[in-house]
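The values are calculated or read from the model by the stated rules, or taken from the named source; none is laboratory data. Please read these numbers as outputs of a predicted model, since none were measured by experiment. Cβ coordinates were reconstructed from backbone atoms using ideal geometry, including for glycine residues, and neighbour counts include every protein chain displayed.
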């Protein structure tokens, strides 16, 4: 039976056996059984109402922090970033941003509006939705420090307005109501804080010189342990340039793993584990993944 017949009332684009390597910044990984791109929030609500409650579901942004194993994903991947691109000034110090808005775009627009501190968003290599999901941060700022409220959608298609106190937020960790996904956030900025395009440009220039931008990666693979930096521990363990298959620990930034030669997801995952175990052996520190690893191993 075709995907179209299975979901007869669904609008938008529904693809079967979609290669997830097209949708992750590592450019690796297996296929998703179904990949759904709604053309409106209403489409998304209808789809969720029709979806069998037992069907596995993954909410997908731009895949900047995602590794899909080579065996692929069962169930449905929903990619709604295209319809979640609202970005507006709600009042003098409040900004409403859809989950599909790139964090760099949010930073630039806030600076044009004179709202700060907002420059740090430019250091987050993904969208607002991903930043909300993991409390992403850069240059001393964190996403949830700015959150006034969020709107979410659950598996039944119902939309909720949530306050920050409904979430447990920590370093690179956010826990809230189960089976809900972020649609947008209202951010509050400080009336006394100035925002500078020059500062933003300096941050972006620093990223260019210290990170392997332009090469397939997911950004930082591991969280920084308390009082230290994952990159320092990895470099001190002599792992810069270490390779498994087509995956390599970046010679430029040790907390980046790059796809240098058609790496498989298995190559990348094995290199992640090799790095983690080596740092344990040499430093006694168990690094925690910042990247999200999903799906099934190769058959």
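Looking only at the range 4-39, how many residues end up being surrounded by fewer than 19 Cβ atoms within 10 Å (Cβ to Cβ), in a loop (DSSP other than H, G, I, E, B) and at pLDDT 95 or above?
Residues that pass the stated criteria total 1.
Give the range 228-254 a look and list any residue that's under 23 Å from the mean Cα position of the chain (by Cα) and buried (at least 18 other Cβ atoms within 10 Å of the Cβ), or say none.
If the condition is that a residue be under 23 Å from the mean Cα position of the chain (by Cα) and buried (at least 18 other Cβ atoms within 10 Å of the Cβ), then 230, 231, 234, 247, 248, 249, 250, 253, 254 are the ones that fit.
Among (1) part of a helix (DSSP H, G or I); (2) modelled with pLDDT of 95 or more; (3) closer than 19 Å to residue 125 by Cβ, there is one condition residue 269 misses while meeting the rest; what is its number?
It fails just one condition, (3).
List the number of the failed condition for residue 190; all other conditions in (1) farther than 24 Å from residue 24 by Cα; (2) touching a residue at least 24 places away in the same chain (Cβ under 8 Å); (3) surrounded by 16 or more Cβ atoms within 10 Å (Cβ to Cβ) hold.
Single failed check for residue 190: (3).
Could you please find all residues in the range 243-266 being part of a strand (DSSP E or B) and in contact with a helix residue (DSSP H, G or I) (Cβ under 8 Å, 6 or more places away or on another chain)? Let's see the steps before the verdict.
Keep residues of the range 243-266 that are part of a strand (DSSP E or B), which gives 243-244, 247-249, 257-259.
243, 244, 247, 248, 249, 257, 259 - these are the residues of the range 243-266 that are part of a strand (DSSP E or B) and in contact with a helix residue (DSSP H, G or I) (Cβ under 8 Å, 6 or more places away or on another chain).
Under 30 Å from residue 94 (Cβ atoms), buried (at least 16 other Cβ atoms within 10 Å of the Cβ) and over 20 Å from the mean Cα position of the chain (by Cα): does that describe residue 276? Write out each step before concluding.
On the way: under 30 Å from residue 94 (Cβ atoms): no; buried (at least 16 other Cβ atoms within 10 Å of the Cβ): yes; over 20 Å from the mean Cα position of the chain (by Cα): yes.
So residue 276 does not fit the description; no.
Among the residues in the range 212-221, are any modelled with pLDDT of 95 or more, outside any loop (DSSP other than H, G, I, E, B) and crowded, with 20+ Cβ neighbours inside 10 Å?
No, every residue in the range 212-221 fails to be modelled with pLDDT of 95 or more, outside any loop (DSSP other than H, G, I, E, B) and crowded, with 20+ Cβ neighbours inside 10 Å.
Would you check which residues across the range 92-114 are over 12 Å from residue 200 (Cβ atoms) and modelled with pLDDT of 90 or more and list them? Before you say what the answer is, go through the steps one by one.
Looking only at the range 92-114, we keep the residues that are over 12 Å from residue 200 (Cβ atoms), and these are 92-102, 113-114.
Once the filter is applied, which keeps residues that are over 12 Å from residue 200 (Cβ atoms) and modelled with pLDDT of 90 or more, the range 92-114 yields 93, 94, 95, 96, 97, 98, 99, 100, 101, 102, 113.
In this structure, is residue 61 closer than 30 Å to residue 114 by Cβ and at pLDDT below 95?
When the stated conditions are applied, residue 61 passes them.
May I ask you to say which residue of 223, 232, 243, 207 is in contact (Cβ under 8 Å) with a residue 12 or more places away in the chain and under 22 Å from residue 101 (Cβ atoms)? First the steps, then the outcome.
Details: 223 fails: under 22 Å from residue 101 (Cβ atoms); 232 fails: under 22 Å from residue 101 (Cβ atoms); 243 fails: under 22 Å from residue 101 (Cβ atoms).
It is 207.
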